[in-house]
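*Asks:* Can you read through this structure? Questions will come right after.
The values are calculated or read from the model by the stated rules, or taken from the named source; none is laboratory data. The structure presented is a predicted model; accordingly, all values stated were derived computationally and were not measured. Using ideal geometry, Cβ is built from the backbone for each residue, glycine included, and neighbour counts are taken over all protein chains shown.
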Amino acid sequence: MNMNSPLVQHLSAREGYDRWAEVYDDENNPLIALEERHLPAVLGELRGLTVIDLGCGTGRQSARLARAGASVTAVDFSEGMLARARGRADAAGIRFLLHDVHSPVPAPNGAFDRVVSCLVLEHVDPLLPFFAECRRLCRRGGSVVFSAMHPAMLLRGISARFTDPATGAEVRPRSLPHQLSDFVMAAMGAGLTLDHISEHAVDEELAQRCPRAVKYLGWPMLLLMRFTPAAAANQSRA
Ligand SMILES: C[S@@+](CC[C@H](N)C(=O)[O-])C[C@H]1O[C@@H](n2cnc3c(N)ncnc32)[C@H](O)[C@@H]1O
């Protein structure tokens, strides 16, 4: 296939999301609908906690975290996505940072009760230094929570993508085909202990709400993982 045919455009993650920003919140995205159904239970009570949202995009989760009573720092490297997040009516009080999460975040060790990264892992390469940075940012007793497109979706050739209304082209920000074992091994190498893992498939209710999901009925679409900083690693590095 021609990688740059008018029908499919492969872009860097940053450029892809800069383009996606304009319509990101308008899509009836089944992955997001599924995540919003299951993530709150994994995040737990947030009132009074400090939370960092890595790869915050248009601020969808950052705003939810803030509404739940957390003090939120929201990080993204796409100016387009961050501009949308800053412009939200419910963004007051959220600290925004334009930053590439492949580099250390300018915050002290253990600064956050929750380190959250939603639907970003497929763009992170390599995983281990990112997981190590998440562990560094997480206070002892806190947790690191990831949502991700389920690796089984990759078996169907699916990765993050959108249709650019200006050109009609399908735009694909660069994604990596991480497997479940890649996540688990990177977390182990980074000193994170797995505390929760769940896989969520498309059901009838979701398929009715999001017509795009009908063809994935019964197929795992979403992966949720929660980790805690391993005690020994935390003691030696914090
Ligand atoms: C699928 S969107 C998810 C946005 C938001 N977390 C959500 O769940 O709605 C992925 C986001 O990750 C951001 N991202 C990807 N790679 C990044 C990196 N290396 N540093 C910072 N942000 C990144 C993109 O700019 C985009 O906003």
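Residue by residue, here is whether (1) of a type outside the set (A, V, I, L, M); (2) buried (at least 24 other Cβ atoms within 10 Å of the Cβ); (3) modelled with pLDDT under 95 holds:
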| position | (1), (2), (3) |
| --- | --- |
| 54 | no, yes, no |
| 86 | yes, no, no |
| 102 | yes, no, no |
| 111 | no, no, no |
| 115 | no, yes, no |
| 146 | yes, yes, no |
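*Asks:* Still on this model: So which residues in region 148-163 are outside any helix (DSSP H, G or I) and either without any contact (Cβ under 8 Å) to a residue 24 or more places away in the chain or surrounded by fewer than 15 Cβ atoms within 10 Å (Cβ to Cβ) (or both), if there are any at all?
*Replies:* Scanning region 148-163 gives 155, 156, 157, 158, 161, 163.
*Asks:* Which residue is surrounded by the most Cβ atoms within 10 Å (Cβ to Cβ), if the candidates are limited to region 117-144 and must be within 18 Å of residue 39 (Cα to Cα) and away from the ligand (no atom under 14 Å from the Cβ)?
*Replies:* Ranking the qualifying residues of region 117-144, first place goes to 144.
Condition check ((1) out of contact with any helix residue (DSSP H, G or I) (no Cβ under 7 Å at 6 or more places or on another chain); (2) touching a residue at least 24 places away in the same chain (Cβ under 8 Å); (3) polar (S, T, N, Q)) across all residues:
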position: 38; (1), (2), (3): yes, yes, no
position: 47; (1), (2), (3): yes, no, no
position: 61; (1), (2), (3): yes, yes, yes
position: 71; (1), (2), (3): yes, no, yes
position: 96; (1), (2), (3): no, yes, no
position: 104; (1), (2), (3): no, yes, no
position: 109; (1), (2), (3): no, yes, yes
position: 131; (1), (2), (3): no, yes, no
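*Asks:* For region 145-167, how many residues meet the condition of being closer than 18 Å to residue 38 by Cα and not hydrophobic (A, V, I, L, M, F, W, C)?
*Replies:* Selection size over region 145-167: 3.
Yes/no matrix, rows are residues, columns are (1) modelled with pLDDT of 95 or more; (2) within 11 Å of the ligand (Cβ to nearest atom):
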| site | (1), (2) |
| --- | --- |
| 6 | no, no |
| 12 | yes, yes |
| 25 | no, yes |
| 34 | yes, no |
| 40 | yes, no |
